[in-house]
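Structure first, then comments.
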Amino acid sequence: MGHHHGHVHQENQQEFKIAFFLNLGFAILEFAGGLWTNSLAITSDALHDLGDSLALGLAWYLEGYSQRENDGRYSYGYRRFSLLGALFSALILVGGAFLVLSQAIPRLLHPEPSNAPGMALFAVGGILANGIAALRVSRGDGLNARMATWHLLEDVLGWAAVLVISVIMLFKELPILDPLLSILITLYVFYNVLGNLRQTMALFLQAVPEDVNLPQLEADLLALADIIGLHHTHIWSLDGEHHVFSTHLVLRADATKATTLAVKCQAKELIQKLDFEHITLEIDYADESCSLAA
Ligand SMILES: [Zn+2]
Ligand SMILES: [Zn+2]
Ligand SMILES: [Zn+2]
């Protein structure tokens with residue numbers, strides 16, 4: 001049960017660890033800054049960064065944990081623990097979002113003055129920190145680096161918005177801008193959390209993974225020589241990347257052992273092109289009555 005990107009784990013883990021501590025430190029600083037400047041917009045950004053930290057921390061922790069080999073207790077291994085982690089961090093963020101909204105919405109009616117120069121200072125710091133990180137990350141290649149770069153640019157955008165409203169508030173007394181921006185950022189955090197939660201729940205509920213087309217795969221199997229039917233095809237995913245497959249393949253009643261072996265071999269080859277880590281094939285002969293046949 002080898003794993004195809006084993007060699008990069010150590011390196012990844014180190015990167016996740018550094019990114020986690022940087023983000024967490026920044027989030028704590030922002031929460032303090034939000035209190036100091038009495039700005040909920042900054043508190044919302046802190047919540048967003050806390051979410052990033054949780055994701056990175058989980059990635060760091062689970063990169064090691066979910067690689068553990070299967071054992072007598074968890075015969076599928078430990079990959080599904082990453083789902084549990086995703087669920088917990090989503091719940092923490094939902095709780096945080098409600099907390100911020102419960103502060104921000106009343107302030108729409110009764111705006112409180114924020115420390116605009118302090119906010120501007122934090123915003124510049126946020127833009128610099130995320131901007132430099134984005135530049136660094138964008139030099140890497142691969143999907144992960146691209147996603148991380150986009151994410152960091154999003155963060156820069158959030159801080160740019162804080163900078164804009166704090167500059168406006170330096171010159172005009174418009175304290176309502178702060179809760180308005182706070183609600184916007186929090187809704188954005190909320191929207192992303194719901195998306196992650198939806199994916200996590202689909203995995204828990206053993207949905208067919210998004211990158212697998214079940215009818216197409218069944219058709220491809222049926223198109224192989226000597227397979228005259230199939231039933232009870234089941235597909236689910238351990239963690240969204242490593243899938244599990246099982247099916248019953250029906251062969252002619254007089255199929256020889258050589259034919260049977262060839263069919264199994266071809267079918268496995270076809271299935272393994274996708275990300276299946278566990279494959280179970282049952283062979284039925286046409287004249288046997290499989291109690292599970294459709
Ligand atoms: Zn972020
Ligand atoms: Zn079944
Ligand atoms: Zn069967």
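The values are calculated or read from the model by the stated rules, or taken from the named source; none is laboratory data. Since the model is a prediction, treat every value here as computed from it, not as a measurement. All Cβ positions, glycine included, derive from the backbone under ideal geometry; neighbour counts span all protein chains shown. With ligands, DNA and RNA removed, areas are computed over all heavy atoms of the protein, side chains included. Shrake-Rupley method; radii C 1.70, N 1.55, O 1.52, S 1.80 Å.
Going residue by residue through the range 191-203, is there one that turns out to be away from ligand 3 (no atom under 16 Å from the Cβ), at pLDDT 95 or above and not hydrophobic (A, V, I, L, M, F, W, C)?
No, the range 191-203 has no match at all.
Checking the condition farther than 19 Å from Pro209 by Cα and either within 16 Å of ligand 1 (Cβ to nearest atom) or not assigned by TED's automatic domain parsing to the domain that holds Arg68 (or both), which residue from Ile227, Ile271, Ile279 passes? First the steps, then the outcome.
Details: Ile271 fails: farther than 19 Å from Pro209 by Cα; Ile279 fails: farther than 19 Å from Pro209 by Cα.
Ile227 is the lone residue from the list that is farther than 19 Å from Pro209 by Cα and either within 16 Å of ligand 1 (Cβ to nearest atom) or not assigned by TED's automatic domain parsing to the domain that holds Arg68 (or both).
Filter the range 215-246 for residues that are open to solvent by less than 10 Å² (accessible area, probe 1.4 Å), in a strand (DSSP E or B) and within 16 Å of ligand 3 (Cβ to nearest atom) and give the result.
The one that is open to solvent by less than 10 Å² (accessible area, probe 1.4 Å), in a strand (DSSP E or B) and within 16 Å of ligand 3 (Cβ to nearest atom): Phe245.
Consider the range 259-281. How many of its residues are within 16 Å of ligand 2 (Cβ to nearest atom) and either over 14 Å from His231 (Cα atoms) or touching a residue at least 40 places away in the same chain (Cβ under 8 Å) (or both)?
2
Of everything in the range 188-210 that's in a loop (DSSP other than H, G, I, E, B) and in contact with a Leu (Cβ under 9 Å, 6 or more places away or on another chain), which residue is surrounded by the most Cβ atoms within 10 Å (Cβ to Cβ)?
Here is the first cut: in the range 188-210, the residues in a loop (DSSP other than H, G, I, E, B) are 205-210.
When the remaining residues are screened for being in contact with a Leu (Cβ under 9 Å, 6 or more places away or on another chain), the result is 208-209.
On the way: Val208: 17, Pro209: 22.
Looking at residues that are in a loop (DSSP other than H, G, I, E, B) and in contact with a Leu (Cβ under 9 Å, 6 or more places away or on another chain), I get Pro209.
If a residue must be away from ligand 2 (no atom under 16 Å from the Cβ) and surrounded by 15 or more Cβ atoms within 10 Å (Cβ to Cβ), how many such residues does the range 247-258 contain?
Final tally of qualifying residues: 2.
Answer yes or no: is there a residue in the range 30-48 that is farther than 17 Å from Ile183 by Cα, open to solvent by 40 Å² or more (accessible area, probe 1.4 Å) and either within 16 Å of ligand 1 (Cβ to nearest atom) or at pLDDT below 85 (or both).
Looking for residues that are farther than 17 Å from Ile183 by Cα, open to solvent by 40 Å² or more (accessible area, probe 1.4 Å) and either within 16 Å of ligand 1 (Cβ to nearest atom) or at pLDDT below 85 (or both), one finds none in the range 30-48, hence no.
Listed here are the residues, each with its yes/no results for (1) outside any helix (DSSP H, G or I); (2) modelled with pLDDT of 80 or more; (3) open to solvent by less than 30 Å² (accessible area, probe 1.4 Å).
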| site | (1), (2), (3) |
| --- | --- |
| Leu50 | no, yes, no |
| Leu54 | no, yes, no |
| Pro113 | yes, yes, no |
| Gly126 | no, yes, yes |
| Gly131 | no, yes, yes |
| Asp141 | yes, no, no |
| Ala145 | no, no, yes |
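Considering only residues that are open to solvent by less than 40 Å² (accessible area, probe 1.4 Å) and either in a helix (DSSP H, G or I) or not hydroxyl-bearing (Ser, Thr, Tyr) (or both), which ones fall in the range 57-86? Step through it out loud before you land on a result.
First, pick out the residues of the range 57-86 that are open to solvent by less than 40 Å² (accessible area, probe 1.4 Å): 57, 59, 62-64, 66, 77-79, 82-83, 85-86.
Once the filter is applied, which keeps residues that are open to solvent by less than 40 Å² (accessible area, probe 1.4 Å) and either in a helix (DSSP H, G or I) or not hydroxyl-bearing (Ser, Thr, Tyr) (or both), the range 57-86 yields Gly57, Ala59, Leu62, Glu63, Gly64, Gly77, Arg79, Ser82, Leu83, Gly85, Ala86.
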